[in-house]
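Working notes for the structure below.
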Ligand SMILES: [Zn+2]
């Protein structure tokens, strides 16, 4: 065992796997936890929990590094307390073959920041027709696939993916969208489409695809896993949850912005609050928050989608979809789910750590003696203005706003980040 480098005193340790939630002193070696002792004196008011696993992140590499590079994206991740990112494949060219995916993972690792969990395409060219070489990826330990940005259009490709992935317990991460129903839309169909005169995207454009994918999975009789990402409609959540009760291996995630904002944000702020799926009605937002409180949603993920000013500073109809989210995920999620769903911090932390890690099959452990450092020190009370970013883009409706709860320090194998600076 190495020497003690530092002792964190009186921190509230939140360990999502064991359920431990209590005040402790934690002794750290350079790269691992040495010991943890319960204490009652002098609580610091700070929380310590495992690094966040954000399973839905766009690092924009290759092809759109004007908006984000691998390094800036991973820095934004760490500044937000995220130590593992699910890297989505809708780049240019898209990530549908092994060599570039491995090269990106290795380049990412060379920065010594957050870990990359690659999520290559389900179909070649993300065209929704012909499946990629799943087994080739699986031999390199890559087991999560998505055509994100688009659904897997062909039922036949989806069926083939389920049968292939079942062999190594892989997962299809579906971006649920009926493209013909969403075509031409920019905002929620309802109040937002009426008040902005931009095209509407109905909730049915999402939940009808959720229903289709669950139907294909059920009929495949494959035992495969389906994950439905960035759900915005309570009907989608209900369908996913009921399928899981039926014994199908269906999981889902929701973004922090769909919890914190409704369509009034896009009416008031314009394209900076334009994303796909769009912000929904207040009724839908509230319902989803309640469903999360009732344990019907598996994970929260940022859908971090950086864009240049040129692509966002446009009329609603032509502006790009998406907002950045890595640096605000923790504050926004903890705040909303504690306040509105009455959830305990440890249950919220589980939704952004061990739960997504289980879906991605990424290595995950609680904070425990002997374990490599992978943790976040967080001040739940601290108010801060989100006015600078490590991302190359700042297209966020939270940019310039005051948020409650701030990441103070982050460790992954060693200390990476301390109070606004990289160590
Ligand atoms: Zn998507």
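None of the figures in this text is laboratory data; all of them are computed from the coordinates on show. As the structure is a computational prediction, the values presented were derived from the model and not from experiment. Positions of Cβ are generated from backbone atoms using ideal geometry, with glycine treated the same way; all protein chains shown enter the neighbour counts.
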Taking only Cα atoms, what is the 0 to 90° angle, nearest 10, from helix 70-79's long axis to the longest principal axis of the chain?
50 degrees
On C-alpha positions alone, give me the angle between the axis of helix 204-220 and the longest principal axis of the chain, in degrees, nearest 10.
90 degrees
Distance between Cα centroids, segment 271-302 to segment 60-126: provide it in whole Å.
25 Å
Extension reserve of the residue 314-residue 3 stretch, reckoned as 0.36 nm per residue once the Cα distance is removed:
106.4 nm
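Among rounded, prolate and oblate, which fits segment 374-423 when a ≥ b ≥ c are the square roots of the eigenvalues of its C-alpha gyration tensor, a/c under 1.5 means rounded, and a/b larger than b/c means prolate? Don't skip to the end; give the middle numbers.
Details: a/c = 2.67, a/b = 1.45, b/c = 1.84.
Here segment 374-423 falls in the oblate category.
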If packing is taken as the mean number of other Cβ atoms within 10 Å per residue, what is the order of 335-341, 78-84, 242-248, 259-265, highest first?
78-84, 259-265, 335-341, 242-248
Tilt, helix 329-341 to longest principal axis of the chain (alpha-carbon atoms), in degrees rounded to tens, equals 80 degrees
Yeah, segment 51-357 with a ≥ b ≥ c from its alpha-carbon gyration tensor (a/c under 1.5 is rounded, else prolate when a/b outruns b/c, oblate otherwise) is rounded
Of 397, 306, 89, which is the most mobile in a GNM of the chain whose springs link Cα atoms less than 10 angstrom apart?
397
Just to be sure I understand: with springs between alpha-carbon atoms less than 10 Å apart, which residue in 216, 152, 289 has the highest mean-square fluctuation in the Gaussian network model of the chain?
216
Which of rounded, prolate, oblate describes segment 328-423, given a ≥ b ≥ c as roots of the alpha-carbon gyration tensor eigenvalues and a/c under 1.5 marking rounded, otherwise prolate only if a/b is larger than b/c?
oblate
GNM on the chain, Cα springs under 10 Å; top mean-square fluctuation among 67, 301, 368 goes to 368
If you find the alpha carbon centre of segment 171-226 and of segment 350-400, how far apart are they in angstrom?
28 Å
